[in-house]
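Undergrad: Sharing a structure here in C-alpha coordinates format.
The values are calculated or read from the model by the stated rules, or taken from the named source; none is laboratory data. Computed from a predicted model, the values in this text were never measured in an experiment. When we count neighbours, we look across all protein chains shown, and the Cβ atoms used for this are built from the backbone with ideal geometry, even at glycine. The accessibility values were calculated without ligands, DNA or RNA, using every heavy atom of the protein model including side chains. Shrake-Rupley method; radii C 1.70, N 1.55, O 1.52, S 1.80 Å.
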Amino acid sequence: GLVVTQLDVQPGECVKVKGKIPSDAKGFSVNVGKDSSTLMLHFNPRFDCHGDVNTVVCNSKEDGMWGEEDRKADFPFQHGDKIEICISFDAAEVKVKVPEVEFEFPNRLGMEKIQYLAVEGDFKVK
Ligand SMILES: CCCO[C@@H]1O[C@H](CO)[C@@H](O[C@@H]2O[C@H](CO)[C@H](O)[C@H](OCc3cn(Cc4cccc(C#CCN)c4)nn3)[C@H]2O)[C@H](O)[C@H]1NC(C)=O
(Lines give C-alpha, C1' and ligand atoms only; values in the text may rest on other atoms or scores of the structure.)
Protein backbone atom coordinates (compact mmCIF):
# COMPACT_ATOMS: atom_id res chain seq x y z
CA GLY A 1 0.00 0.00 0.00
CA LEU A 2 0.80 3.69 0.23
CA VAL A 3 4.16 4.51 1.84
CA VAL A 4 5.22 8.11 2.55
CA THR A 5 8.63 9.02 3.94
CA GLN A 6 10.35 12.31 4.87
CA LEU A 7 6.98 13.57 6.18
CA ASP A 8 8.26 15.64 9.17
CA VAL A 9 4.87 15.99 10.96
CA GLN A 10 5.30 17.99 14.17
CA PRO A 11 3.34 17.71 17.45
CA GLY A 12 -0.07 19.36 17.07
CA GLU A 13 -0.14 18.92 13.28
CA CYS A 14 -2.26 16.20 11.77
CA VAL A 15 -1.75 13.85 8.86
CA LYS A 16 -4.96 12.82 7.06
CA VAL A 17 -5.57 9.74 4.94
CA LYS A 18 -8.81 9.44 2.99
CA GLY A 19 -9.95 6.15 1.55
CA LYS A 20 -12.57 3.49 1.09
CA ILE A 21 -12.96 0.21 2.97
CA PRO A 22 -13.72 -2.53 0.41
CA SER A 23 -16.90 -4.53 0.88
CA ASP A 24 -14.87 -7.69 1.55
CA ALA A 25 -12.23 -6.10 3.81
CA LYS A 26 -10.64 -8.43 6.37
CA GLY A 27 -8.48 -5.73 7.92
CA PHE A 28 -6.14 -2.83 7.28
CA SER A 29 -3.45 -0.93 9.10
CA VAL A 30 -2.16 2.62 9.19
CA ASN A 31 1.39 2.84 10.52
CA VAL A 32 3.10 6.08 11.55
CA GLY A 33 6.53 6.63 13.03
CA LYS A 34 10.16 6.85 12.03
CA ASP A 35 10.26 3.94 9.57
CA SER A 36 8.79 0.44 9.18
CA SER A 37 10.77 -0.89 12.17
CA THR A 38 10.08 2.00 14.56
CA LEU A 39 6.40 2.82 14.78
CA MET A 40 4.74 5.33 17.09
CA LEU A 41 1.48 3.63 16.15
CA HIS A 42 0.28 0.62 14.24
CA PHE A 43 -3.48 1.27 13.95
CA ASN A 44 -5.05 -1.99 12.86
CA PRO A 45 -8.82 -2.34 12.47
CA ARG A 46 -9.66 -6.04 12.05
CA PHE A 47 -12.98 -7.06 10.54
CA ASP A 48 -12.05 -10.72 10.63
CA CYS A 49 -8.39 -11.62 10.90
CA HIS A 50 -5.88 -13.13 13.31
CA GLY A 51 -8.90 -14.53 15.15
CA ASP A 52 -10.27 -11.05 15.86
CA VAL A 53 -13.70 -9.89 14.69
CA ASN A 54 -14.55 -6.17 14.54
CA THR A 55 -11.65 -5.18 16.77
CA VAL A 56 -9.26 -2.25 16.55
CA VAL A 57 -5.78 -3.38 17.62
CA CYS A 58 -3.16 -0.70 18.33
CA ASN A 59 0.50 -1.26 19.03
CA SER A 60 3.94 0.28 18.80
CA LYS A 61 7.07 -1.20 17.32
CA GLU A 62 10.58 -0.47 18.57
CA ASP A 63 13.55 -1.64 16.49
CA GLY A 64 11.36 -4.26 14.85
CA MET A 65 9.87 -5.56 18.12
CA TRP A 66 6.12 -5.28 18.75
CA GLY A 67 5.05 -3.76 22.07
CA GLU A 68 2.00 -4.66 24.14
CA GLU A 69 -1.26 -4.68 22.14
CA ASP A 70 -4.04 -2.29 23.07
CA ARG A 71 -7.45 -3.56 21.96
CA LYS A 72 -10.04 -0.82 21.70
CA ALA A 73 -13.73 -0.99 22.69
CA ASP A 74 -15.02 0.97 19.68
CA PHE A 75 -15.21 -0.37 16.15
CA PRO A 76 -16.74 2.48 14.10
CA PHE A 77 -16.07 0.94 10.68
CA GLN A 78 -18.26 -0.82 8.13
CA HIS A 79 -17.52 -2.46 4.82
CA GLY A 80 -17.87 0.06 2.01
CA ASP A 81 -17.28 3.11 4.27
CA LYS A 82 -15.48 6.14 2.78
CA ILE A 83 -13.58 7.64 5.69
CA GLU A 84 -10.91 10.14 6.68
CA ILE A 85 -8.34 9.11 9.28
CA CYS A 86 -6.59 12.05 10.99
CA ILE A 87 -3.53 11.26 13.09
CA SER A 88 -1.92 13.77 15.44
CA PHE A 89 0.29 13.47 18.49
CA ASP A 90 2.06 15.20 21.34
CA ALA A 91 4.69 14.09 23.86
CA ALA A 92 2.14 11.98 25.74
CA GLU A 93 -0.14 10.39 23.17
CA VAL A 94 -1.16 9.72 19.58
CA LYS A 95 -4.75 10.57 18.54
CA VAL A 96 -6.54 8.89 15.68
CA LYS A 97 -9.70 10.72 14.67
CA VAL A 98 -12.14 8.79 12.50
CA PRO A 99 -15.84 9.54 11.98
CA GLU A 100 -17.66 9.50 15.34
CA VAL A 101 -14.70 8.25 17.39
CA GLU A 102 -11.27 9.47 18.51
CA PHE A 103 -8.81 6.78 19.58
CA GLU A 104 -5.87 7.53 21.89
CA PHE A 105 -2.65 5.57 22.31
CA PRO A 106 0.40 6.42 24.43
CA ASN A 107 3.44 7.90 22.68
CA ARG A 108 5.51 5.05 24.14
CA LEU A 109 8.66 5.88 22.23
CA GLY A 110 8.50 9.61 22.99
CA MET A 111 8.79 10.38 19.30
CA GLU A 112 9.02 14.06 18.45
CA LYS A 113 7.99 13.86 14.80
CA ILE A 114 6.32 11.49 12.34
CA GLN A 115 8.57 10.85 9.35
CA TYR A 116 6.88 7.74 7.98
CA LEU A 117 3.34 6.71 7.07
CA ALA A 118 2.27 3.42 5.54
CA VAL A 119 -1.18 2.02 4.78
CA GLU A 120 -1.46 -1.75 4.45
CA GLY A 121 -4.23 -4.18 3.65
CA ASP A 122 -7.82 -3.57 2.74
CA PHE A 123 -8.00 0.22 2.47
CA LYS A 124 -8.23 1.98 -0.91
CA VAL A 125 -6.40 5.27 -0.40
CA LYS A 126 -8.02 8.16 -2.28
C1 LIG B 1 -3.21 -15.42 21.13
C2 LIG B 1 -1.69 -15.60 21.10
C3 LIG B 1 -1.09 -15.00 19.86
O4 LIG B 1 -1.41 -13.58 19.91
C5 LIG B 1 -1.51 -13.07 18.62
O6 LIG B 1 -0.16 -12.89 18.13
C7 LIG B 1 -0.19 -12.38 16.78
C8 LIG B 1 1.27 -12.35 16.26
O9 LIG B 1 2.02 -11.43 16.99
C10 LIG B 1 -0.81 -10.97 16.79
O11 LIG B 1 -0.90 -10.49 15.45
C12 LIG B 1 0.02 -9.48 15.10
O13 LIG B 1 -0.34 -8.27 15.78
C14 LIG B 1 0.54 -7.18 15.43
C15 LIG B 1 0.13 -5.98 16.28
O16 LIG B 1 0.35 -6.28 17.65
C17 LIG B 1 0.40 -6.87 13.93
O18 LIG B 1 -0.95 -6.50 13.63
C19 LIG B 1 0.80 -8.11 13.16
O20 LIG B 1 0.58 -7.92 11.76
C21 LIG B 1 1.71 -7.28 11.11
C22 LIG B 1 1.38 -7.31 9.67
C23 LIG B 1 0.93 -6.25 8.92
N24 LIG B 1 0.71 -6.75 7.69
C25 LIG B 1 0.21 -6.06 6.51
C26 LIG B 1 -1.28 -6.08 6.57
C27 LIG B 1 -1.91 -5.39 7.59
C28 LIG B 1 -3.33 -5.41 7.61
C29 LIG B 1 -4.07 -6.09 6.69
C30 LIG B 1 -3.39 -6.79 5.70
C31 LIG B 1 -4.14 -7.46 4.74
C32 LIG B 1 -4.78 -8.04 3.94
C33 LIG B 1 -5.57 -8.74 2.93
N34 LIG B 1 -6.86 -9.05 3.42
C35 LIG B 1 -2.00 -6.81 5.63
N36 LIG B 1 0.97 -8.05 7.66
N37 LIG B 1 1.38 -8.42 8.89
C38 LIG B 1 -0.07 -9.30 13.60
O39 LIG B 1 0.43 -10.49 12.97
C40 LIG B 1 -2.23 -11.07 17.33
O41 LIG B 1 -2.81 -9.75 17.41
C42 LIG B 1 -2.20 -11.70 18.73
N43 LIG B 1 -3.58 -11.88 19.22
C44 LIG B 1 -3.88 -11.67 20.51
C45 LIG B 1 -5.33 -11.94 20.88
O46 LIG B 1 -3.05 -11.29 21.32
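Undergrad: Just how many % of Cα pairs in the chain lie over 21 Å apart, if you round to the nearest whole percent?
TA: 32 percent
Undergrad: In square angstrom, rounded to the nearest 10, how much accessible surface does Leu2 have for a 1.4 Å probe?
TA: Accessible area, nearest 10 Å²: 70 Å².
Undergrad: Sum up the charges of everything whose Cβ sits under 12 Å from the Cβ of Lys72, counting Lys and Arg as +1 and Asp and Glu as -1, but leave Lys72 out.
TA: So the environment of Lys72 carries a net charge of -4.
Undergrad: Quick one: net charge around Phe103, please, counting Lys, Arg +1 and Asp, Glu -1 for every other residue with C-beta under 12 Å from its C-beta.
TA: Around Phe103, the charge tally is -2.
Undergrad: Got a sec? Charge dipole of the chain, +1 on Cβ for Lys and Arg, -1 for Asp and Glu; which of Gly80, Pro45, Val15 is way out at the positive end?
TA: It is Gly80, whose Cα lies furthest towards the positive end.
Undergrad: Then there is this: Along the Cα→Cβ direction, 7 angstrom out, place labels at Val53 and Val4. What is the inter-label distance in nm?
TA: 3.5 nm
Undergrad: Using a probe of 1.4 angstrom, how much of the accessible area of the chain is carbon and sulfur, in percent?
TA: About 44 percent, which is the carbon plus sulfur part of the accessible surface.
Undergrad: Sequence gap at least 6, Cα distance under 8 Å: using those rules, report the relative contact order of the chain to the nearest whole percent.
TA: Normalised by residue count, the contact order of the chain is 39 percent.
Undergrad: Need one number for the range 30-78: average projected area of the convex hull over its C-alpha atoms, nm². Intermediate values should be presented prior to the final figure.
TA: Numbers: hull surface 14.0 nm².
The Cα convex hull of the range 30-78, projected and averaged over all directions, gives 3.5 nm².
Undergrad: Another question, then. With all protein chains present, calculate the accessible area of Glu104 using a 1.4 Å probe and round the result to the nearest 10 Å².
TA: Around 80 Å² of this residue is reachable by solvent.
Undergrad: Which of the trypsin sites (Lys or Arg not before Pro) found in the range 18-60 are loop residues per DSSP with 16 or fewer other Cβ atoms within 10 Å of their Cβ? It would help to have the intermediate numbers written out before the result.
TA: On the way: sites: Lys18, Lys20, Lys26, Lys34, Arg46; in loops: Lys26.
Hits after loop and neighbour filter: Lys26.
Undergrad: Answer rounded, prolate or oblate for the range 67-116, using the Cα gyration tensor with square roots of eigenvalues a ≥ b ≥ c: rounded when a/c is under 1.5, else prolate when a/b is larger than b/c, else oblate.
TA: Prolate.
Undergrad: Quick one: dipole size for the chain, taken about the Cα centre, charges +1 on Lys/Arg Cβ and -1 on Asp/Glu Cβ, in debye to the nearest 20.
TA: Its charge dipole is roughly 440 debye.
Undergrad: A further question follows. Hey, if we sort His50, His79, His42 by accessible area with the 1.4 Å probe, largest down, what's the order?
TA: His50, His79, His42
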